[in-house]
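Below is one structure, written out as structure tokens, with a few remarks after it.
Nothing in this text is a laboratory measurement; each read-out follows from the coordinates by a stated rule. Bear in mind the structure is a predicted one, so any value in this text is a computation, not a measurement. Cβ coordinates were reconstructed from backbone atoms using ideal geometry, including for glycine residues, and neighbour counts include every protein chain displayed.
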């Protein structure tokens, strides 16, 4: 055997160790970089949600609901309103149940006013306007009808009216 061949045989195990160590060092560096990246992602703060500057709250422009326990007194020729909480987005709606005594009061109009700001599902009020025609006592009966049964009100409210 020649001397160079012996030197090559002696260096062969060293070469395997060197290649093994080089491979292990690359893995360690790779794992270190991955660990640092993951740690920086885990501790990074989230971007805060921007907030709008505070503004003065707008008062609710809706009229207060009418109290059915209070007698409503009006003079002939005047109009008066009955205000009821309502949410037409649910399909429910108010309606006059019996016929009005039109010799004493007459129906003028019904209007809906929504809460502000208007968002899906928000409610509001129904405003029923009547005109007093002549002196006398009568009632206005309103029923709150569900969408599934337009013939049977879920709630009934009776207002007593005195016209002078």
> If contacts are Cα pairs under 8 angstrom and at least 6 residues apart, what is the relative contact order of region 72-163 in percent?
Replying inline: 38
>> Multiplying the sequence separation of residue 83 and residue 28 by 0.36 nm and subtracting their Cα-Cα distance, what value in nm do you get?
In response: 12.2 nm
>> Using a 7 Å offset from Cα along Cα-Cβ at residue 101, what residues in region 112-138 end up with backbone N under 20 Å from the label point?
In response: 129-138
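Got a sec? How would 145, 112 order by Cβ neighbour count within 10 Å, fewest to most?
Numbers: 145 19, 112 14.
The fewest-first ordering by Cβ neighbours comes to 112, 145.
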> For labels at residue 108 and residue 76 in the simple 7 Å Cα→Cβ model, what's the distance in nm?
Replying inline: 1.8
>> Give me the mean projected area, in nm² to one decimal, of the convex hull enclosing the Cα positions of region 79-139.
In response: 4.5
